[in-house]
Structures are given as C-alpha cells and as structure tokens.
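Everything below concerns the one structure shown next.
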Ligand code: GLU
Ligand code: MG
C-alpha cells in the first residue's frame, strides 16, 4: 500500500457519532501501539458543539489505540482519494481497559456471555437512512423506479461495501420519502459492531461522492417515516452452529435464548435509553409505525419490541440456521457497541435469573384491550428521552452494568440533549439531528 495520505483513527462515542483524529499513513506503524491521546472529557460531547458536565478534569486523558483487525479502506473513486481508517479502543494505557469506552464495554459483555454460557453472539444491523441533495428526487416507496433513480449510487455502494470487507446483505429503497436501506451481513462478536460502524460511514461517503447526503436520524421530520436500525441476533456454539432455536421451546426459542429475551424485556424501558437514545427517537417509536410502541415479544410481529424470526426454509434444520431475534426499537443515534453491550448484559441477567418468557403478542399490541395487555405484562415504551432516563435511574440492575464514570457521563450527556430538545423550536430540533446523524 502507498504510504502517502492519511489514516483516520476512529471510535464510536456515547452519542453514537464516529469521532476521529488522523495521522499521516507513513507514521502509522509507529502510532499503532500507543495510538493518539484524547481528553476523557471528549466522551461527554453531545451531538452538537457542546461538552456536557462530566467526571473528568482537564488532565485526564486516554489513548485511542487502533485495533489492527478493524482497519478498513474506502477505496478511491474518480477524483475521490481512498479513505484509510482503523477503529480504536480508548485505553488509559496499551492493554488496559477504560470503563467509559463503548467498544470495550461490548467486548467485556461478549466475554461474559461466552464465559457463562459458552455461546457467541452473532448480530446484524438493518440501517435505514434518508437521501437528500440538490438533484435528488424521491420516487414511490419500495419502487423499482426509486432503485433505478439511484442505481449509480446503489451499485457503487454495494461494490464499495464489498471492498471495505463488510459486503451488504441487501440494498433497497424503503417506505419513506427518500428513504433507503442497507442490511448488514450477520457477523460474530466484535465484528458485528465494527460492521455496523463501517457500513454506516461507507454509506455516508459513497452518498457524498454522488452529490447526495445520507442521514440516519431516527425521524427526519414529524411527518417522515422513521429511520430504524433494527438489530438482529442469534447465538452460535463453539462450532459456529446457530443454537438459538428449539421447536419445543416458547416461540421456538431455546431455553437460553428465551431467558435472554426475558432479560431484555424485563429491563427494556431502561435499555431504551441506550438503543433509542435521542430526543427525536421518541417521535419514531410508537404504534403503527413498525418501529414498536410496546414492551412486548411476538413471533414475526413487526409491532413487538422483540420480534422472533424463525428461518423460512421448509427443512427444519435449514430454517434453524437462519433463526434470529430482532430488536426493533433501536435507531442510529445509538452507538452500535453500547447498544449490543447493553442488550447482552440484559440478556445475561435473564439467563442468570432463569427468567420466564412473558406471554407473546400475536396481534398488534396497540389493538389489544388494556386488560389483555396488562394480563400479558405488555406496557408502553418510554415516550420521551426523559422517561427513558427516569427508567434508567430507577433500574439499579441496569445501572450496575455501568461504571460510575460511564453512568455519570451518559446521564449528563443525555440530560443535556433532553433539555436542548425542550428548549428548541421543533423545526430546529429535527434539522439539527438530521444534520448530526
Ligand atoms: N422504518 C421502520 C422503523 O422506523 C421500519 C420499517 C421496516 O423495515 O419494517 O423502524
Ligand atoms: Mg426497513
């Protein structure tokens, strides 16, 4: 590889933004071990030009240390030079963990799952986004026309994602005006989070190269369809076999997977503060938007917060390989690492407590009577970031998964965002999030 140009050291912070510092490529080898310095206080950055109150002083610093396995290049195209980047872990010193690093949080949660159950997590993100630009004309939802109108972009996107090593599973127009979607290929462990980050940033860059702007904001305007970031996951054993299903189990789930889902449901309200974590997220969540409005689980149910997706093959053994669980409430204002890490911690808590699966919703929960919902333990999800943060403050178990500094910083940043939203004109609010994400 040529030594000319830059390489960006990147990391995903608490507000799910990929931040960076760059170094000349020729210096990269010498930077690899100790990375670059970064003020701890930087972890308190809001999505805007503001640093929230945080537990660190002006001397506290971490290193952004590259993970050689997470290096990627968005190749050159025409006048656009190649973009070299490497995903980092934030560490006080090489080899030491920082408890406020999102990627480390996820890695430790993966290790806990594997140590306690022998299982590996396999996950994939569905990324919905809005295209816009001076020449952009939205076409009919899901239409072939909407695909053909952006074919140059979509084809380049597919090729570029393949070259960055994260090849997409599907690429298509979505339901919303100007909305498109890329589904990631399922990957095990750390790679699942890295693929989500690389895919998201590659979509942005390829769009830019085509005179377009991609925004992953959960709700571009109150009228627009929401941009979800549904998270699919399954469990594999040491041989890589999908062991998520059991035909005799509830909703076809293995005993462990059922307990894992029960753990997620038990802590769902507090989890929402991490997986749908911006003020505009709550304009997306709600019944009848296929984004989910209720803390519920259901087989194939697009209105349930946790949707069970049995494989569609006729042969049961083949179907079992595709069996997966989908978390529909998530959006792209969440850090993929923090979202996966929190879901894992909740699931693990369910396994430890051998929690029983609550009764499933086999209709749209919004269509059930209040009594039927109450009988099934189906409750509305938090209706605002404030409500989600209150749920977090009230859930001591969820709080126990976070170090004091991570909890304090997260709460501070998110409270700032809630206050910002309360003071902002709605148009300004949507526009700021649309631009930041
Ligand atoms: N756009 C919907 C959401 O906000 C999801 C539509 C779908 O793919 O089912 O989650
Ligand atoms: Mg979709």
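Quick notes
- Most to least packed among 387-400, 252-265, 309-322, 289-302 [average Cβ atoms within 10 Å]: 252-265, 289-302, 387-400, 309-322
- For region 345-377 versus region 117-188, the gap between their alpha-carbon centres in whole angstrom: 32
- Values of log10 I(q)/I(0), in the order q = 0.18 Å⁻¹, for region 125-268 under a Debye, Cα-only, solvent-free model: -1.02
- Reported value for region 62-108: 85 Å³ per residue, from the convex hull of its C-alpha atoms.
- Projected onto planes of every orientation and averaged, the convex hull of the alpha-carbon atoms in region 164-211 covers 3.7 nm².
- Computed over Cα pairs, the Kirkwood radius of region 29-125 leads via Stokes-Einstein (0.890 mPa s, 25 °C) to a diffusion coefficient of 155 µm² per second.
- Anisotropy class of region 338-404 from Cα gyration tensor, a/c 1.5 cut: oblate
- With Cα atoms as the point set, the radius of gyration and Dmax of region 112-204 evaluate to 15.5, 53 Å.
- For the options 26, 63, 213, a Gaussian network treatment of the chain with springs between C-alpha atoms closer than 10 Å singles out 26 as fluctuating the most.
- If you wrap the chain in the convex hull of its Cα atoms and look at it from every side, the mean projected area works out to 21.4 nm².
- Longest to shortest principal axis, alpha-carbon extents of region 220-377, angstrom: 45, 37, 33
- By the count of other C-beta atoms within 10 Å, a proxy for reagent exposure, 89, 67 are ordered fewest to most as 67, 89.
- When DSSP beta bridges are restricted to pairs lying wholly in region 293-425, around 60% turn out antiparallel.
- Largest GNM mean-square fluctuation across 368, 190, 342, computed for the chain with C-alpha springs under 10 Å, falls on 368.
- Computed on the Cα trace of region 293-437, the radius of gyration divided by the Kirkwood hydrodynamic radius gives Rg/Rh = 1.01.
- Comparing mean-square fluctuations of 424, 225, 196 from a GNM of the chain with C-alpha springs under 10 Å, the top value falls on 424.
- The value for region 50-187 of Rg(Cα) / (2.2 N^0.38 Å) is 1.38.
- Taking every Cα-Cα distance in region 1-77 and sorting them into 10 Å bins from zero, the calculated P(r) comes out as 16, 44, 29, 10, 1 percent.
No value in this document is a laboratory result; all are computed from the given coordinates. Every value quoted in this text rests on a predicted model; they were computed, and no experiment measured them. Cβ sites come from the backbone with ideal geometry, for glycine too, and all protein chains shown count toward neighbours.
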